[in-house]
Amino acid sequence: MDSFATTAQVYVAGLVFARIGAMLMLMPGIGETAVSPRIRLALALLIALVITPTVAKGVGPLPTTVGGLAGQLIHEILIGLMIGAVLKMFMSAMTTAGEIISMQTTLSFAQTTNPMGVQSSTAVATFLSMLSLTLIMATDLHHLFIAAMARSYDLFPFTKSVPVNDAAALAVRTVAQSFTLGVQLAAPVIVFSIVFNLATGLVGRVMPQFQIFFVTSPLSVILGLSLLALSLGGIAMVWSDRYRDLLNVFS
């Protein structure tokens with residue numbers, strides 16, 4: 001190896017690869033199970049080779065024991081998993097919005113396989129999840145992923161301990177914000193559902209013999225999906241802006 005790279009260079013490249021690989025494993029789009037592991041490994045190796053010369057000066061002395069080397073690798077992997085998990089958690093906002101919309105339009109029974117998750121979800125939630133991935137790629141938000149990788153070495157240097165408490169607080173806050181955003185994105189359909197159900201209940205009280213269920217169920221689905229189609233542009237813009245703000249924190 002000495003004829004190609006020194007021991008210190010191999011050590012630094014290995015640390016960078018550990019963090020970048022952990023981040024790519026969880027990042028939206030790139031880290032999905034549908035993507036071949038070979039592609040993820042090759043991309044992680046390529047990005048690590050590009051970033052290594054720019055961050056090599058921040059690495060401390062080489063560890064003299066196996067325990068020190070393992071501790072440094074675990075340190076880098078934990079930081080990569082922390083950043084990747086936060087970026088992955090925020091993707092649940094679209095899934096939350098889709099689940100709420102499905103419940104409000106009586107489409108919760110329409111289950112389908114969600115490529116972004118290990119479990120099946122409603123058809124609307126799957127559609128919005130795939131829409132979020134499409135927005136990331138179409139609006140070049142995935143370019144900010146690479147910027148976040150490089151910026152992470154300024155926020156979390158090699159010699160700084162893993163901020164476990166801050167990471168836990170950030171994860172809780174991200175989950176809360178994603179759930180809040182999901183409810184906000186589904187707000188038009190929620191308002192429609194409340195008004196529609198109140199009107200349905202009023203008609204049912206005025207005309208008890210009227211088969212209100214058979215009439216209102218198709219109307220609820222048609223009108224709910226129509227309202228979703230009309231508000232889809234606003235949902236996409238709001239979600240992409242909020243996700244860009246999250247990426248700017250790391251990049």
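With over 25 Å from E76 (Cβ atoms), surrounded by 12 or more Cβ atoms within 10 Å (Cβ to Cβ) and in contact (Cβ under 8 Å) with a residue 12 or more places away in the chain as the only criterion, which of L135, L155, L144, L170 stands out?
Answer to the check: L135.
Condition first: part of a loop (DSSP other than H, G, I, E, B) and exposed (fewer than 12 other Cβ atoms within 10 Å of the Cβ). Now tell me which residues in the stretch 38-74 satisfy that.
G60, P61, T64, T65, listed by residue number.
Return only the number of the condition from (1) closer than 27 Å to G224 by Cβ; (2) at pLDDT 85 or above; (3) buried (at least 18 other Cβ atoms within 10 Å of the Cβ) that N114 does not satisfy.
(2) is the only condition that N114 fails.
Looking at the stretch 22-37 only, could you name the residues that are part of a helix (DSSP H, G or I) and surrounded by fewer than 21 Cβ atoms within 10 Å (Cβ to Cβ)?
Across the stretch 22-37, the qualifying residues are M25, L26, P37.
Would you call S102 part of a strand (DSSP E or B) and buried (at least 16 other Cβ atoms within 10 Å of the Cβ)?
Answer is no for this residue.
Could you go through the stretch 217-225 and let me know if any residue there is closer than 30 Å to A18 by Cβ and either crowded, with 17+ Cβ neighbours inside 10 Å or modelled with pLDDT of 90 or more (or both).
no
Residues to consider are S102, S121, S129; find the one that is in contact with an Asp or Glu (Cβ under 8 Å, 6 or more places away or on another chain) and closer than 24 Å to I222 by Cβ.
S121
Identify all residues within the stretch 192-205 that are under 33 Å from the mean Cα position of the chain (by Cα) and either among the aliphatic types (A, V, I, L, M) or not in a helix (DSSP H, G or I) (or both); write none if there are none.
I194, V195
Looking only at the stretch 1-21, filter to residues that are among the small types (G, A, S) and not in a helix (DSSP H, G or I); which one of those is modelled with the lowest pLDDT?
S3
On the given criteria, is A169 within 30 Å of L225 (Cα to Cα) and modelled with pLDDT of 85 or more?
Against the criterion (within 30 Å of L225 (Cα to Cα) and modelled with pLDDT of 85 or more), A169 does not qualify.
Scan the stretch 212-224 and tell me whether some residue there is in a helix (DSSP H, G or I), within 24 Å of T134 (Cβ to Cβ) and either in contact (Cβ under 8 Å) with a residue 60 or more places away in the chain or of a type outside the set (A, V, I, L, M) (or both).
Within the stretch 212-224, one or more residues are in a helix (DSSP H, G or I), within 24 Å of T134 (Cβ to Cβ) and either in contact (Cβ under 8 Å) with a residue 60 or more places away in the chain or of a type outside the set (A, V, I, L, M) (or both).
For residues in the stretch 143-191 being part of a helix (DSSP H, G or I) and hydroxyl-bearing (S, T, Y), which is farthest from I47 (Cα to Cα)?
This residue is T180.
Residues are listed down the side, and each one gets a yes or a no for (1) closer than 23 Å to A176 by Cα; (2) of a type in the set (K, R); (3) in contact (Cβ under 8 Å) with a residue 60 or more places away in the chain:
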{"residue": "I20", "(1), (2), (3)": "no, no, yes"}
{"residue": "M23", "(1), (2), (3)": "yes, no, yes"}
{"residue": "A44", "(1), (2), (3)": "no, no, no"}
{"residue": "G67", "(1), (2), (3)": "no, no, no"}
{"residue": "E76", "(1), (2), (3)": "no, no, yes"}
{"residue": "A85", "(1), (2), (3)": "yes, no, yes"}
{"residue": "A97", "(1), (2), (3)": "yes, no, yes"}
{"residue": "T105", "(1), (2), (3)": "no, no, yes"}
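The values are calculated or read from the model by the stated rules, or taken from the named source; none is laboratory data. Just so it is clear, the structure is predicted and the values come from calculations on it, not from any experiment. Cβ: placed from backbone, ideal geometry, glycine included. Neighbour counts: every protein chain shown.
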